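Q: One structure, as structure tokens, below. Some questions next.
The values are calculated or read from the model by the stated rules, or taken from the named source; none is laboratory data. Note that the structure is a prediction, hence the values are computed from the model and not measured. For neighbour counting, all protein chains shown are included, and Cβ atoms are generated from backbone atoms with ideal geometry for every residue, glycine included. The area values use the complete protein model at the heavy-atom level, side chains included, leaving out ligands, DNA and RNA. Shrake-Rupley method; radii C 1.70, N 1.55, O 1.52, S 1.80 Å.
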Amino acid sequence: MEPSRIVVAGASGLIGGALTRSLTADGHEVVRLVRRTPRAADEVRWDPERKYVDPAGLAGCDAVVNLAGAGVGSRRWTDAYKAKIRDSRVLGTTALAEAVAALDEPPRVFVNGSAMGIYGETGDRAVDEDAPPGEGFLPSLCVEWEGAAAPAQEAGVRTVFTRTGLVVARQGGAWGRLFPLFKAGLGGRMGDGRQYWSFVSLHDEVAAIRHLIDTDGLSGPFNITAPHPLTNREITAAMGRVLHRPTLFAVPAPVLRAVLGEMAGDVLGSQRVLPMRLLESGFTFAFPEIEGAIRAAL
């Protein structure tokens, strides 16, 4: 692919930071949207809560990637924090979609973050992108989040939704909390361990986003999860094998509910999500199995 100008919102996050480094290393020009006053030539001001984006920063861009949003697992879900999670995603997406639609020369593609949480509890049932949304806070949030991209779609911009799974990374996200526990020999299953966790290596997450940017004709939702989701019990065993640590500890479901509150439902819930559209588009996972994904993160 020829060098492109790519705007990234959420460039300071786990996925956004890795994507920015990957693109820059390959010679692309990355413009980072920041909420504060810009301090570098590659920064552009935006205020997602006020639905403001500096239009000059988007001019001439080939792609816009929106990965911004308050951390879902960063703290207990109070009503106030749930509102922050929602607003940071829905208002930010609205701001970018409207700004993209207003450009005289819009970008080739608008990639908007989403999450596998849209499917809710799936139990042992495997789901792909054709599955309907589930019930609860995260499914309803994801539906509204994706819906906020409508202005870009209506303007004819190719729009992609990345329904990301649990990213296996040493720092950040759920695995950023798991690694220190397992390395200390304190890791173990959560609840009964039978719930499916659909994971993806950080390497494959970035590669998939770049594939979706580069491949004309791809639009709509894409699950970014490894093709072989496993149960929490199986993942716990894999962590023990790779890190050479015992996995004797288990966190009972009542304890998780007491500590995490409503968010415990998503830790204990089962999501068996398959990346069917990504595979059909020709994407190849570098780390399709959990042990490889864990080693890649070390």
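Q: Looking at residue 110 and the list (1) more than 25 Å from residue 2 (Cα to Cα); (2) under 16 Å from the mean Cα position of the chain (by Cα); (3) of a type in the set (Phe, Trp, Tyr), which single condition is not satisfied?
A: Going through the list (1) more than 25 Å from residue 2 (Cα to Cα); (2) under 16 Å from the mean Cα position of the chain (by Cα); (3) of a type in the set (Phe, Trp, Tyr), residue 110 breaks only (1).
Q: To continue, here is another question. Hey, among 292, 220, which residue is over 25 Å from residue 118 (Cβ atoms) and at pLDDT 95 or above?
A: Criteria check complete, one pass: 292.
Q: For the stretch 246-261, check the following and say yes or no: at least one residue is in a helix (DSSP H, G or I), surrounded by 15 or more Cβ atoms within 10 Å (Cβ to Cβ), on the phi < 0 side of the Ramachandran plot and at pLDDT 85 or above.
A: Scanning the stretch 246-261, I find no residue that is in a helix (DSSP H, G or I), surrounded by 15 or more Cβ atoms within 10 Å (Cβ to Cβ), on the phi < 0 side of the Ramachandran plot and at pLDDT 85 or above, so the answer is no.
Q: Check 43, 98, 49 and return the single one that is touching a Pro at 6+ places or on another chain (Cβ under 7 Å), touching a residue at least 12 places away in the same chain (Cβ under 8 Å) and either surrounded by fewer than 22 Cβ atoms within 10 Å (Cβ to Cβ) or not aliphatic (A, V, I, L, M) (or both).
A: 98
Q: Take the residues of the stretch 1-21 that are assigned to a helix (DSSP H, G or I) and either more than 17 Å from residue 208 (Cα to Cα) or modelled with pLDDT of 95 or more (or both): which is most open to solvent (accessible area, probe 1.4 Å)?
A: 21
Q: For residue 65, state whether it is under 25 Å from residue 171 (Cα atoms) and at pLDDT 95 or above.
A: Answer is yes for this residue.
Q: Of all residues in the stretch 61-75, count the ones that are part of a loop (DSSP other than H, G, I, E, B) and surrounded by 13 or more Cβ atoms within 10 Å (Cβ to Cβ).
A: 10
Q: Check the stretch 75-84 and report whether any residue there is of a type in the set (Phe, Trp, Tyr), in contact with a Phe, Trp or Tyr (Cβ under 8 Å, 6 or more places away or on another chain) and either free of Cβ contacts under 8 Å to residues at least 40 places away in the same chain or under 30 Å from residue 231 (Cβ atoms) (or both).
A: Among the residues of the stretch 75-84, at least one is of a type in the set (Phe, Trp, Tyr), in contact with a Phe, Trp or Tyr (Cβ under 8 Å, 6 or more places away or on another chain) and either free of Cβ contacts under 8 Å to residues at least 40 places away in the same chain or under 30 Å from residue 231 (Cβ atoms) (or both), which makes the answer yes.
Q: A further question on this structure: Find all pairs meeting these conditions: Cβ atoms under 7 angstrom apart; at least six residues apart or on different chains; first residue within the stretch 274-297 and more than 21 Å from residue 214 (Cβ to Cβ) and in contact (Cβ under 8 Å) with a residue 60 or more places away in the chain; second residue of a type in the set (D, E, K, R) and in a loop (DSSP other than H, G, I, E, B).
A: 274/128; 297/170
Q: Sticking with this structure for a sec: Report whether or not residue 24 is among the hydroxyl-bearing types (Ser, Thr, Tyr), open to solvent by 30 Å² or more (accessible area, probe 1.4 Å) and either out of contact with any Cys (no Cβ under 9 Å at 6 or more places or on another chain) or in a loop (DSSP other than H, G, I, E, B) (or both).
A: Criteria met by residue 24.
Q: Can you name every residue in the stretch 117-143 that is free of Cβ contacts under 8 Å to residues at least 40 places away in the same chain, closer than 21 Å to residue 279 by Cα and among the aliphatic types (A, V, I, L, M)?
A: Scanning the stretch 117-143 gives a single hit, 131.
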